[in-house]
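Accompanying notes for the structure given below.
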Amino acid sequence: MTTRVLRVKLSQPLKDKMEADGLSPRDLVTKLGISRATLDSMLNDDWRHIRRSAIEKAADYVDLRAEQIFEFVPVDFWGPIEQTRECLFLRGSSNVEKPMELAISDHRATDRITEYLVHEVPGFKPLTYTNVTDENELIELARNQTCIVIGSPKSNLACEILVSRLFGAKAFDSSEVNRQKIPFGFCWPADTKQMNENIVEQSSLACSESAFGEMKGHYGIAMAKLRLPVDYKSREEYLKWETKTGKDCGLVLVANDPFGGNKNVKLIVLAGYSGIGTVAAAAALVRNFRVLEPQPEDKCVYGIVEAKYSKKANSDSRRYSEFFWRYRHGGLLPGVWPSNKKAPN
């Protein structure tokens, strides 16, 4: 199931031509008669839609033919699963504060991916392991077959172990030095539990003290270039709360041959701040896998999505609505996107 990504290769030719002509972006906007936002999209290779007329004007300016501007990049993201017709879903413990909510979200995330693969890969068979917590066993599983980890360390210790090891960190080591080896962190309330243990005090994936300080009292996911807060309320406030624009967030991570097994396998991690974030991460994987394929220079690709949901007052359930990419590292179209701008698909 090899797919392709369309690239518009105008960024470098435009920069080179502007420098040669001594033009600023403002000058070029005037010269071509296009908007500054359109020019920025071309210069940053960060676009979803560009008008035909804008591409024509830019192509005329740099004097390039169509075949020099447009390129289809082949992506064989699901190749490892096509070979074996199966993958292993690693799911977490039900021994959490809200087992039903987390279990339902994990089911939804798993089902979203399974439904897609059943449709696209004839004979696909999903395998599910639950509560695998032995570090050596998990490494061997990820070394020898494609694994999809569902849920953050708050609900799934496999996430804690595999992500920590991928970045050369020690699992369940909360020291500042160890946490800083991992480029992102989950900022949970201090009393957050996993299997009756305080995850903030133990997890390598919890926010470092410096990152938590920069969140300014908010909870969410933090990294060097992004602070993505979520809507967090006490249990009493949460039950009374009603919203149509609730915010959660989630991590999407993809690594090829993650632990040096020299096999055609992938490790995929979908870890929401809470359950809605995990559902959003699964939706982002299925929709945008073309740009999530690690390139030769990438140890892995990882990104953060913001999830939107609605909730009625006096209800404990939330309804997921949509996601937006806010950050991607590696892959075909990396970048940082503020809340007023959408990432390219």
Quiz item: Within the range 201-220, can one find any residue that is surrounded by 15 or more Cβ atoms within 10 Å (Cβ to Cβ) and either among the acidic types (Asp, Glu) or touching a Leu at 6+ places or on another chain (Cβ under 8 Å) (or both)?
Solution: yes
Self-check item: Evaluation of Val265 against (1) surrounded by fewer than 22 Cβ atoms within 10 Å (Cβ to Cβ); (2) modelled with pLDDT of 95 or more; (3) within 21 Å of Asn144 (Cα to Cα) (one fails), failing number
Solution: (1)
Quiz item: Checking Ser152 against (1) buried (at least 17 other Cβ atoms within 10 Å of the Cβ); (2) touching an Asp or Glu at 6+ places or on another chain (Cβ under 9 Å); (3) not in a loop (DSSP other than H, G, I, E, B), which test does it fail?
Solution: (3)
Quiz item: Going through the range 42-75 one residue at a time, which ones are in contact with a Lys or Arg (Cβ under 8 Å, 6 or more places away or on another chain) and hydroxyl-bearing (Ser, Thr, Tyr)?
Solution: Tyr61
Exercise. Hey, can you tell me all the residues within the range 193-204 that are outside any strand (DSSP E or B) and closer than 18 Å to Ala271 by Cα?
Key: Met195, Ile199, Val200, Gln202, Ser203, Ser204
Quiz item: From the set of residues in the range 169-193 that are among the small types (Gly, Ala, Ser) and under 18 Å from Leu251 (Cβ atoms), which is surrounded by the fewest Cβ atoms within 10 Å (Cβ to Cβ)?
Solution: Ala169
Quiz item: Does the range 270-277 include one or more residues that are surrounded by fewer than 20 Cβ atoms within 10 Å (Cβ to Cβ) and hydrophobic (A, V, I, L, M, F, W, C)?
Solution: no
Exercise. Check Gly250 against each of (1) at pLDDT below 95; (2) buried (at least 16 other Cβ atoms within 10 Å of the Cβ); (3) not hydrophobic (A, V, I, L, M, F, W, C) and name the one condition it does not meet.
Key: (1)
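Residue-by-condition table, conditions (1) more than 20 Å from Arg91 (Cα to Cα); (2) without any contact (Cβ under 8 Å) to a residue 12 or more places away in the chain:
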position: Thr146; (1), (2): no, no
position: Gly151; (1), (2): no, no
position: Lys154; (1), (2): no, no
position: Leu162; (1), (2): no, no
position: Ile182; (1), (2): yes, no
position: Glu201; (1), (2): yes, no
position: Leu205; (1), (2): no, no
position: Gly217; (1), (2): yes, yes
position: Arg235; (1), (2): yes, yes
Quiz item: Given the conditions (1) touching a residue at least 40 places away in the same chain (Cβ under 8 Å); (2) closer than 27 Å to Trp241 by Cβ, which single one is not true for Gly331?
Solution: (2)
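For (1) in contact with an Asp or Glu (Cβ under 9 Å, 6 or more places away or on another chain); (2) surrounded by 17 or more Cβ atoms within 10 Å (Cβ to Cβ); (3) of a type in the set (Gly, Ala, Ser); (4) farther than 30 Å from Gln145 by Cβ, each residue gets a yes or a no:
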site	(1), (2), (3), (4)
Thr3	yes, no, no, no
Ser24	no, no, yes, yes
Gly33	no, no, yes, yes
Met42	no, yes, no, yes
Quiz item: Among the numbered criteria (1) surrounded by 22 or more Cβ atoms within 10 Å (Cβ to Cβ); (2) in contact with a Lys or Arg (Cβ under 9 Å, 6 or more places away or on another chain); (3) at pLDDT 95 or above, which single criterion is violated by Ser321?
Solution: (1)
Quiz prompt | Selection within the range 109-133 - farther than 15 Å from Arg287 by Cβ, touching a helix residue (DSSP H, G or I) at 6+ places or on another chain (Cβ under 9 Å) and buried (at least 18 other Cβ atoms within 10 Å of the Cβ) | solution = Thr110, Val121, Phe124, Val132
Quiz item: How many residues, within the range 107-126, are of a type outside the set (Gly, Ala, Ser) and under 19 Å from Thr278 (Cα atoms)?
Solution: 11
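The values are calculated or read from the model by the stated rules, or taken from the named source; none is laboratory data. Values in this document were obtained by computation on a predicted structure and should not be read as measured data. We place every Cβ from the backbone using ideal geometry, glycine too, and count neighbours over all the protein chains shown.
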